[in-house]
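Working notes, structure below.
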Amino acid sequence: MAFPRNQKLNLLRLTVLLIVALAGIKFIFRDSVTPDLHKHISKDNDFWGKAGEEKEEANPHNQALELSAVKIMGPKEDTKKQLSKDFSTTEMRLVHLDLKGAAPKVSYLEQVFPLLSKLGANGILVEYEDMFPFKGELETLKSSYAYSEDDIEKIQRLAALSKLEVVPLVQTFGHVEFILKHDKYRYLREVERFPNSLNPHLPDTLSLLKSILSQVMDKHRHSSWIHIGADEVFHLGEGMDSKNWISLNNGDVGKMYLNHIKEVVNFIVNQYKGLQVLMWDDMLRKISVGAIQESGIPKHASPVLWFYAPDFDTEQIGGRQSPPISRPLCPVLLMSFALSRLYDHYSVLCELLPVGIPSLAMCLQTLVNGGFSEATNKKILDVLGFQNIHLEKSTCEGNGAFPGSEIYRMVEQINGQLKESIAKVLEEESAIKGWFSPYHRKHQFGNPRNLENFGSKVLKVHEDWENFIQNFRSQLESIYFPDTVEEWMEENVNPYMDRLREFVRDYREIIRLNAKPKAL
């Protein structure tokens, strides 16, 4: 689909988020789905709501587009070197590029950045994972198709040309499959069986994170912010080291979490003076305000709210407790567009970026204009080159004229026609059922006179789709690296094309046999 399954009313509701941010209201968030560690954590008044409340389970199909309110604290007045940039009155709209899968080539980002800027974004949150050019002891972490150091520099130059602030994101607790899937770092897992989360008790864990953060920040000297992730630390508290710690500390998994984050944050603020730290909020939602304040984390790090849902309920931000921070907040909105996988390195790819651009454009422009209006719609049509947008049907009318629009159109055809057209030609033809059944194909026999009744039709469908897929592959290869191209084809094209190809192969072979007896 070109758009998430949001109705126009849902898009209008998104504007509430902008209005609230601009008004400076302190957002308080309802509990979300988090790991089982909540069973151990204090049930005092909580950072983002009441303990024990459950958020509606996220729908993976809605995770292609995520809208969050971000609270960024201005730098505290002290003896530290201050950043030259002042975001205290800046309304930031960041697009999150999660590159753990389907990372685009820099040549495509060069085309996309001006488009994002034109649509209203003024920053990008870049989660490199294994696409970063780690070196030395960390070289194991990088993908075979990782960006080069020159690529990283070029990405930042291109972003600057489009007036986009670059914010690197480095996961420092959970979502570290790109680290823990390697044998070299397997011993750092919280639970040996699972590569999701780091063991916070091993000295090597912090040493490794310092090395990773240093390499990333050394290549982002002009960035004013860094995001340390720290969300969804699955299985925290289940490892033997953690169980021992918990038994000596009154079962306080929340404090154990905060201790690790504090070490990470302290390293950053001491190593990079004036750098502002961001982190996802979900793990903080069930930790008491007192524990968070006592940790000292609010002095240096700001929570970023994330939320997956098909619509936005304004009641979820009302009547809640304020976060324990004392510095001014600047209004920041984060449009998070997942280019990668659902949750981790082991899941299938999400939607490709070119296919999601219309959705991204719709949401960015809705935020910029404070709502979805006729003027908003016209701007999107003009920028993307469509004739019309049908919100209720989640479709766009016209070919489009934005970077990657060819892929957008071709994916629509694949999703809407490939499976159906192949099934129709192979399953609805009576001659195939009578004279070219699986039994005929297995034993390689058939009457050419009868086979020719359906052969020309099947061969035409096969030829048309093979030509289409060849062109589509070329378009993908212009934007993506070979691993992404192959994976997308394997998941979305080959299950249907392989069936057609095998049929055509058998058909040609049996025609060639010229009505020989059944093979035994």
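The values are calculated or read from the model by the stated rules, or taken from the named source; none is laboratory data. The structure presented is a predicted model; accordingly, all values stated were derived computationally and were not measured. Positions of Cβ are generated from backbone atoms using ideal geometry, with glycine treated the same way; all protein chains shown enter the neighbour counts. Accessible surface is based on the protein model in full, side chains and every heavy atom, while ligands, DNA and RNA are left aside. Shrake-Rupley method; radii C 1.70, N 1.55, O 1.52, S 1.80 Å.
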(message) At 0.36 nm per residue, and after removing the present C-alpha to C-alpha distance, how many nm does the segment from E509 to N471 gain when stretched out fully?
(response) 11.0 nm
(message) On a 30 Å Cα-Cα criterion, which of the cross-link pairs K379/K460; K105/K379; K419/K516; K105/K424; K142/K243; K219/K299 come out too long?
(response) K379/K460; K419/K516; K105/K424; K142/K243
(message) So if the hydrodynamic radius of the stretch 212-300 is defined as the Kirkwood radius over C-alpha pairs, what does Stokes-Einstein give as its diffusion coefficient at 20 °C and 1.002 mPa s, in µm² per second?
(response) 150 µm²/s
(request) Would you tally the net charge around G120, using a Cβ to Cβ cut-off of less than 14 Å, leaving G120 out, and scoring K and R as +1, D and E as -1? (result) +1
(request) In whole Hz, with x marking every Gly and Pro, tabulate ³J(HN,Hα) for the stretch 393-401 from phi via Karplus 6.51 cos²θ - 1.76 cosθ + 1.60, θ = phi - 60°. (result) 9, 6, 9, 10, 9, x, 7, x, 9
(request) Quote to one decimal, in nm, the extra length available between L391 and R157 on full extension: 0.36 nm per residue of separation minus the C-alpha distance between them. (result) 80.7 nm
(request) Averaging over all projection directions, find the projected area of the Cα convex hull of the stretch 114-219 and quote it in nm² with one decimal place. (result) 7.3 nm²
(message) Going by amide H atoms built from the backbone, whose H comes under 5 Å of the H on F173, apart from near neighbours?
(response) A230
(message) I want to verify the translational diffusion coefficient of the stretch 102-156 in µm²/s; compute it with Stokes-Einstein, Rh as the Kirkwood radius over Cα pairs, at 25 °C and 0.890 mPa s.
(response) 200 µm²/s
(request) Just the Kirkwood number for the stretch 405-513, please: inverse of mean 1/r across all distinct Cα pairs, in Å, one decimal. (result) 15.1 Å
(request) Can you figure out the FRET efficiency of N249 with K442, using R₀ = 60 Å and their beta-carbon distance, to the nearest 0.05? (result) 0.35
(message) Need the C-alpha centroid separation for the stretch 367-400 versus the stretch 86-137, integer Å.
(response) 23 Å
(message) Whole-Hz ³J(HN,Hα) for each residue in the stretch 107-124, computed from phi via Karplus 6.51 cos²θ - 1.76 cosθ + 1.60 with θ = phi - 60°, x for glycine and proline: what do you get?
(response) 4, 7, 4, 4, 7, 7, 4, x, 5, 4, 5, 5, 7, x, 6, 10, x, 10
(request) Quick one: which residues, 5+ away or cross-chain, put their amide H under 5 Å from the amide H of L278? H built at 1.01 Å from N. (result) I226, H227, I228, S302
(message) Keeping every protein chain present and rolling a 1.4 Å probe, give me the accessible area per residue for the stretch 381-506 in Å².
(response) 52 Å²
(message) Taking θ = phi - 60°, what integer Hz values does the Karplus form 6.51 cos²θ - 1.76 cosθ + 1.60 yield along the stretch 487-500, in sequence order, with x for Gly and Pro?
(response) 5, 5, 5, 4, 7, 10, 10, 4, x, 8, 5, 5, 5, 5
(request) Could you work out the local net charge near L381, counting Lys and Arg as +1, Asp and Glu as -1, over the other residues with Cβ closer than 15 Å to its Cβ? (result) 0
